Amino acid sequence: MSELRWNPLLGEWLVTATHRQDRTFLPPDDFCPLCPTKDGGFPTEVPESDYDIAVFENRFPSLKSNPEAPMVSASELYPVRPAQGVCEVILYSPNHNSSLAQEPVEQILKLVQVWTDRFRELGALPFVKYVFIFENKGEAIGVTLHHPHGQIYAYPFIPPRIARELEQSASHQKTTGRCLVCDVVAAEVSDARRTVAENDSFVAVIPFFARWPYETHIYARRHLQAIDELTAAEQIQLAAMLKTLLVAFDKLFNTSFPYMMVIHQRPVDGERYDYYHFHIEFYPPLRTANKLKYLAGSETGAGMFINDSLPEIKAAELRAHVEPVVWRAETASGND
Amino acid sequence: MTKPEVSDMHRRRILLRDGRYLIFYTFGDVNKSPLTDNENASASPRQTEKVVEATVRRED
């Protein structure tokens, strides 16, 4: 049972989703519901294994295309809406023991293409205003299933964090005549101390204003608003940049690095957002190899982050683990 | 150096018994992907950019 309830103190919606209490929680590897169903085995979510990437509607969705009526009545103080939207799961691979970092860059390129397809299809639904593509990785983040996967929430409104970025971007455009993120990219590339990796189309940085010790953003060098505007060459460059960063993350503490990965792009509500700029943000919870950054009183209660590290130092640590991306075609042909 | 290429993407959509959809994405030469035994799936090669609705037999 889901519904949207209005928070009048913050001026934003929240979702109640009581049925999600029953979702599968850290099952043994042999009983992973995201693995392909084996002959004679229990039926999983995925009846076949012959695929590169699979997408399905979440069995425990927070938002549904045909939602139930809310359980409570709305009032002037407390507006309530059906939780209409779509929640999808994206399987990165049939292989349970993989991760996005371990996948070859060719597979990450396929994922970029699937993200683009899902953005277009979900963005065309009349009740969807924002397509939010993300991944929660690792038990430190609260992941309940280890099979490599991401998610998509297609919201019936623009979520608050995105709305705030849009407001800031619009304000900067109005004041300076320039794109806010383009200015950030120019500043970071010029300074270089917080740069983690660069290629022809993207730059990865721990930004000046990072809230998490290893918070890393991947910015498109070209001014564009959404993933479906990437050229084929830019899709390849994005896959390569993701591979570079994810491998560096894993090498940093020699572990499968936990993170939240979120894609920030324009809403799909039919309005123009020429001032906005596509990018990807990573929020890793580790501040050392075995210590977590918690969202405690200041962060949660005041919205005031305290980063007990310097982005300039953390970027240098990550940069030390950046390696050239190797494509299978190069390996097969001896780098011809 | 061999340049990587973006390969063709193929989608095949099925319906699960509880009404949810599932989309299989494959890439490259469609003739290399063998068909599965979904009862409503058509003959090979795999459908390109065409949604195939199928009912998947499950035992739950």
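Okay, here's what the table says:
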quantity: Candidate set: the stretch A:128-144, residues that are touching a residue at least 24 places away in the same chain (Cβ under 8 Å) and more than 21 Å from residue A:242 (Cβ to Cβ); chosen: the one nearest to the chain's Cα centre (by Cα); calculated: A:130
quantity: Count - residues of the stretch A:104-152 that are assigned to a loop (DSSP other than H, G, I, E, B), buried (at least 21 other Cβ atoms within 10 Å of the Cβ) and in contact with a helix residue (DSSP H, G or I) (Cβ under 8 Å, 6 or more places away or on another chain); calculated: 1
quantity: Hey, residue A:204 buried (at least 21 other Cβ atoms within 10 Å of the Cβ), more than 14 Å from chain B (Cβ to nearest Cβ), under 18 Å from the mean Cα position of the chain (by Cα) and without any contact (Cβ under 8 Å) to a residue 60 or more places away in the chain or not; calculated: yes
quantity: Total residues in the stretch A:34-63, condition facing chain B (nearest Cβ under 10 Å) and either basic (Lys, Arg) or not in a loop (DSSP other than H, G, I, E, B) (or both); calculated: 7
quantity: All positions within the stretch A:55-93 that are in contact with a His (Cβ under 9 Å, 6 or more places away or on another chain) and surrounded by 18 or more Cβ atoms within 10 Å (Cβ to Cβ); calculated: A:61, A:89, A:90, A:91, A:92, A:93
quantity: Subset of the stretch A:84-133 (residues that are within 14 Å of chain B (Cβ to nearest Cβ) and of a type in the set (D, E, K, R)); calculated: A:88, A:103, A:106, A:110, A:117, A:118, A:120, A:121
quantity: Tally of residues being over 17 Å from residue A:196 (Cβ atoms) and either within 14 Å of chain B (Cβ to nearest Cβ) or buried (at least 16 other Cβ atoms within 10 Å of the Cβ) (or both) across the stretch A:300-333; calculated: 8
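Taken together, the values in this text are just the output of simple stated rules run on the coordinates, not laboratory data. On a predicted model such as this, the values are computed, not experimentally measured, just so you know. Here Cβ is always computed from backbone atoms with ideal geometry, including for glycine, and neighbour counts include all displayed protein chains.
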